[in-house]
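These notes are about the structure you will find just below.
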Amino acid sequence: MTDARTDAATTVAELVRRQWGDRRVGLRTRGRALSHHQVASGAAARAALLADLVPRGAQPHVGVLLDNTVEYPLWLSAAALAGAAVAGVNPTRRGAELARDITHTECRVLVTERAHLPLLDGLDLPGTRVLVTDTDAYDDLLADHADAVPDDVPALSPVGPRSRLLLYFTSGSTGAPKAAICTQGRLAAAGAALAARFSVRPDDVHYVCMPMFHGNAVLADWAPALVAGAQVALRERFSASGFLADVRAFDATYFTYVGRAVQYLLATPERPDDRAHRLRLGFGTEAGAVDAARFEARFGVRLVEGYGSSEGGAALQHTPDTPPGAVGRPHAGSDLAVVDPVTGAERATARFDPEGRLLNGAEAIGELVNRGPNPFEGYWRHPEADAARRRGGWYWTGDLFFRDADGYFHFAGRADDRLRVDSENLAAAVIENVLARFPPAAAVAVYAVPDPVAGDQVMAALAAPDFDPAAFAAFLAAQPDLGTKMAPRFVRVGAELPVTATNKIHRAALRREGFLRGPDPVWWRPPGESAYRRLTAADAAALRVRFAEQGRAELLER
């Protein structure tokens, strides 16, 4: 077999056309297999159908509300051929929020499946045609276009590198989710870069178990496979218990992950055949150096942690010499910096103790910006968000980092995760790194809750069923890098932490529930005390009075 294809394509449409005539298996699920040729043919039929359904002059946008079925990559490919864009719709959204996602992106066609039809009950979706993929009516519509070929598909808008292909929603933790734009040229370039970086070959099998409405699965898994002519294997929804069985059944060689997927895999029971597979590489974010090492030791699979802002404005590359705990360094020619989010001044270089613990977080942590050219393509109909990202001519990532003396960047959390305690700025990720050492904790999240007088207090959520408050207090006292303002005032303890559809800890939900509304018990350390005790109804009532006395009661209800 040859290495990844060297003749670079400038559009995804070109990559789809390349599949025509290739009879090798190109797309698989547990119950179905399509050749590359069948993928191109199926994409052409759907593109021709789309041309019939979208009124002339309307935005050529297709909403896709599907699990990871074969229809998802077929519609991505169809949109590329037709000069249309796919808006990935998150099936965990509900009601008015779901309707808003579909109407905001002006989807004239919504592709879904019978399992998700109840989500649409009662929604007002004017001008949107709903196609249900697992029905005879849908099959009949496609049969009318079965003779379509990729080269002859009527385009709804001109097809080129600048054609919109994806409208993928970013986090909605600070308001309604924004739909980031990704063009055919950027997606093709991203796929080519990863195919070259990881030496993807036509005989590789990319296992897509992360949801395809999220940029990770499309940009980092599907696109490099498309560039290299590799096979794509789909899992409808991520399953830790089914992961290895899938990897073996598909003969997978590569997968991507986000959020806590790696931790879920490590939590499955160990088996003597954990290394009996062909998987060689995982690529993603948020596994952490400790869990990445555990994963490789157990499964024999190297995990490569990367960083790239969802919108494409900044990226860091992890290389073999990247030290533990660091994300990587910028690509050659990039101008990335860690700056004060208010003044724009560069932050101090990070200093560490002999054990590698950060000593000057208050001076070193800031927001990562790209001061040079970047491929950010904007948000769909959201000029205020565009302006915030491009403030002062720089691209502001919204992520906190610090940089060491050798130029390696270290992640310190989202800018939304910044806390201000007693006039001191803290980064949640730094505190989480300390709390993660607490042996009973399987997962940790740190976030801000309001202080009754001013600023914030630190709250932590632990997945630790056997929580011992005295042991936790003793643990905190023994941590030399836990600053005097970092010890949590409140600790929520449960069997697990809430997660989003992409397996990331649902920090927005944790912040909303705070220390008064969550379903799990909360322990707290009253001011002036070092010991933790259960937060009682009387404690909660007293805190409400305290907030009211300071005119801050409304902060408890947000």
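Quick notes on this one:
- Complete set of residues in segment 244-276 that are under 25 Å from residue 24 (Cβ atoms) and either under 18 Å from the mean Cα position of the chain (by Cα) or surrounded by 21 or more Cβ atoms within 10 Å (Cβ to Cβ) (or both): 247, 250, 252, 253, 254, 255, 256
- If you check 416, 468 for being at pLDDT 90 or above, surrounded by fewer than 19 Cβ atoms within 10 Å (Cβ to Cβ) and of a type in the set (Asp, Glu), only one passes: 468.
- Among residues of segment 373-385 that are on the phi > 0 side of the Ramachandran plot, those with a Cβ under 6 angstrom from a residue that is at pLDDT 95 or above and among the aliphatic types (A, V, I, L, M), sequence gap 6+ or separate chain, pair up as 378/181.
- Counting only helices (runs of 4 or more DSSP H) that sit completely within segment 469-558, those holding 1 or more residues that are under 28 Å from the mean Cα position of the chain (by Cα) correspond to 507-513.
- 3 or more residues within 29 Å of the chain's Cα centre (by Cα), aromatic (Phe, Trp, Tyr) and surrounded by fewer than 24 Cβ atoms within 10 Å (Cβ to Cβ): qualifying strands (runs of 3 or more DSSP E) within segment 1-91: none
- The listed residues are 119, 123, and the only one of them that is part of a loop (DSSP other than H, G, I, E, B), over 16 Å from residue 62 (Cβ atoms) and aliphatic (A, V, I, L, M) turns out to be 123.
- Within segment 229-243, the set of residues being of a type in the set (Lys, Arg) and either buried (at least 20 other Cβ atoms within 10 Å of the Cβ) or within 19 Å of residue 297 (Cβ to Cβ) (or both) comprises 235 only.
- Each residue in segment 392-422 was checked for being within 28 Å of residue 474 (Cβ to Cβ) and either touching a helix residue (DSSP H, G or I) at 6+ places or on another chain (Cβ under 7 Å) or assigned to a loop (DSSP other than H, G, I, E, B) (or both), and 5 pass.
Yes or no, residue by residue, for (1) among the small types (Gly, Ala, Ser); (2) in the same structural domain as residue 74 (by TED's automatic domain parsing); (3) surrounded by 19 or more Cβ atoms within 10 Å (Cβ to Cβ); (4) out of contact with any helix residue (DSSP H, G or I) (no Cβ under 6 Å at 6 or more places or on another chain):
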| residue | (1), (2), (3), (4) |
| --- | --- |
| 120 | no, yes, no, yes |
| 129 | no, yes, no, no |
| 139 | no, yes, no, yes |
| 156 | no, yes, yes, no |
| 176 | yes, yes, no, yes |
| 179 | yes, yes, yes, yes |
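Results for (1) touching a helix residue (DSSP H, G or I) at 6+ places or on another chain (Cβ under 8 Å); (2) farther than 25 Å from residue 91 by Cβ; (3) among the aliphatic types (A, V, I, L, M), shown as yes or no for each residue.
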position: 214; (1), (2), (3): no, no, no
position: 221; (1), (2), (3): no, no, no
position: 230; (1), (2), (3): yes, yes, yes
position: 252; (1), (2), (3): yes, no, yes
position: 260; (1), (2), (3): no, no, no
position: 265; (1), (2), (3): yes, no, yes
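- Close pairs (8 angstrom Cβ cut-off, 6 or more residues apart or separate chains): among the acidic types (Asp, Glu) in segment 105-117, at pLDDT 95 or above and part of a helix (DSSP H, G or I) anywhere: 113/71
- Any pair with Cβ under 6 angstrom, 6 or more apart, that starts in segment 484-513 at a residue that is closer than 18 Å to residue 468 by Cβ and ends at one that is assigned to a helix (DSSP H, G or I): 487/476
- Considering residues of segment 337-371 that are assigned to a helix (DSSP H, G or I) and either under 26 Å from the mean Cα position of the chain (by Cα) or aromatic (Phe, Trp, Tyr) (or both) only, the residue nearest to residue 424 (Cα to Cα): 361
- Inside segment 316-334, residues that are within 24 Å of the chain's Cα centre (by Cα) and more than 27 Å from residue 291 (Cβ to Cβ) make up a count of 1.
The values are calculated or read from the model by the stated rules, or taken from the named source; none is laboratory data. If you're wondering where the values come from, they're calculated on a predicted model, not measured in any experiment. For neighbour counting, all protein chains shown are included, and Cβ atoms are generated from backbone atoms with ideal geometry for every residue, glycine included.
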